[in-house]
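What follows is a short report on a single structure.
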Amino acid sequence: MKKAFSILIILFGLLSHAQKTENIIVITTDGFRWQEVFKGMDAEIANDKNFNQGDSTYIHKKYGSSDFKERRQKLMPFLWSEIAAKGQIYGNRDLGNKVDVSNPYWFSYPGYSEIFTGNVDIAVNSNDYKPNPNVNVLEFLNQQSKIKGKVAAFGAWDAFDRILNEKRSGFPVISAFDKVGGNKPTEIQKLLNEMRDNSFKPFHEDECLDVFTHYEALNELKTNKPKVLYISYGETDEWAHHGHYRSYLDAANQVDKWIKEIWTFVQNDPQYKNKTTLLITVDHGRGDKVKSEWTSHGDKIAGASQIWFAAIGPEIAPKGEIKTDSQLYQKQFAQTIAKIMGYTFTAEHPVANEVKEVFEK
């Protein structure tokens, strides 16, 4: 009798830890600082005529408050309502919760490579670097029988073809002004291609506006129903480099709205509802100590290694803002993505362990 009872306890434990996530959506918003995520609008930057685009009144009205919790809620309302209530948010350094990149460069290509390969390759030291020789977790997942052919990536920046090594990886990577739909685009895809190609191009041919990347990815989500989807928004970084704080905040606020749109869709679709996890993060941080350095990043900019991430989904316990002292690293995200999907990511290169805290109840 005792033996039978023990078996039942073991079986119950296995069932309670059964794999629930069947789909994952990874979202990045390039170079968006943890400072705004956790504290909202920075009044010192907003008041600086070098950065406020002559419209500090607008910035304060839309995003300002004497209470940092209200400021961050105004800036990213979905993050600080739904995800804070039902998911996890990491990286508030004011509480000792630290997340950093491990690579020594603190800019985009090495950061995205670290996110998806789980490895720091010192040779990956330029945004112009060749197609990534390191296998990425999306490529690994695309090799699994239940997922093969159901992986797609969309990025505003044209480097993603190289970062994710589209030719070798075997899944579509739509970046910058790449056309969606191939040789047989649907009417919606034709319209998306035309609007993107005929749009205002403030970042020239290197990067399209985020709105096009978003709706291309959303159309993919609704029509082809990928199991693994990556979306990279870029305007937070671009407007920061331009020193346009108003546009930087607006871009982040818009990304938050798009994340809400994606989550609302998946939670109302039979294939995705209660079977999909979102993981949201960034490729690098930005400067802080010297306010003029908020526009920049790289190894000469103090604080540019500091990042954050958030997650929501059936594998993610509803712990909200993580307030415990800890040190986590960007290279842990690849294995975390794999583990969320029920796999262990292996490659010829080293792969860092997952963020175990994500899975702890």
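The values are calculated or read from the model by the stated rules, or taken from the named source; none is laboratory data. Bear in mind that the values here come from a model prediction, so they are computed numbers and not experimental data. Every residue, glycine as well, gets a Cβ built from its backbone with ideal geometry; the counts of neighbours run over all protein chains shown. Surface areas here come from the heavy atoms of the whole protein model, side chains and all, with no ligands, DNA or RNA. Shrake-Rupley method; radii C 1.70, N 1.55, O 1.52, S 1.80 Å.
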5 angstrom amide H check on D100, placed H, neighbours 5+ away: I307, L328, Y329, Q330
Computed helical MRE - 222 nm, the chain, DSSP H runs ≥ 4 contributing -39500 (n - 2.57), nearest 500: -10000 deg cm²/dmol
Most to least packed among 79-87, 267-275 [average Cβ atoms within 10 Å]: 79-87, 267-275
Placed amide H near E321: partners under 5 Å, 5+ positions off or other chain: I89
Simple spin-label estimate for Q271 and T57 in nanometres, 7 Å along Cα-Cβ: 4.9
Note, ³J(HN,Hα) from phi for region 65-71, Karplus 6.51, -1.76, 1.60, rounded to Hz, x at Gly and Pro: 5, 6, 9, 4, 5, 6, 4
By average C-beta atoms within 10 angstrom, highest first, the peptides 311-318, 120-127: 311-318, 120-127
Kirkwood Rh, angstrom, region 196-320 [1 / mean 1/r, Cα pairs]: 16.4
Solvent-accessible area, 1.4 Å probe, carbon plus sulfur percent, for the chain: 54
S65 versus K49: modelled label distance in nm, points set 7 Å from Cα along the beta carbon direction: 3.1
Gained length - D128 relative to K148, 0.36 nm times residue gap less alpha-carbon distance: 4.3 nm
16 Å Cα-Cα reach of K257 towards lysines, excluding residues that sit fewer than 8 places from it in its own chain: K62, K74
DSSP bridge orientation in the chain - percent antiparallel, rounded to nearest 5: 25
Segment T346-S199, length gained on full extension (0.36 nm per residue, minus Cα span): 48.8 nm
Peptides ranked, highest mean first, by Cβ atoms within 10 Å: ranges 27-40, 46-59: 27-40, 46-59
Overall form of region 48-106 per C-alpha gyration tensor (a/c, 1.5; a/b vs b/c): oblate
Reciprocal mean inverse distance between Cα atoms of region 316-361 - Kirkwood radius, Å: 11.6
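Kirkwood Rh, Cα Rg: Rg to Rh for the chain? Before the final figure, lay out the partial values.
On the way: Rg = 20.3 Å, Rh = 20.9 Å.
For the chain, the value is 0.97.
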Rounded accessible area per residue of the chain, 1.4 Å, Å²: 44
Using θ = phi - 60° and Karplus 6.51 cos²θ - 1.76 cosθ + 1.60, couplings along region 322-328 (whole Hz; Gly, Pro as x): 7, 10, 8, 5, 6, 10, 10
Loop-located chymotrypsin sites (Phe, Trp or Tyr not before Pro) in region 125-218, at most 12 other Cβ atoms within 10 Å (DSSP): F200
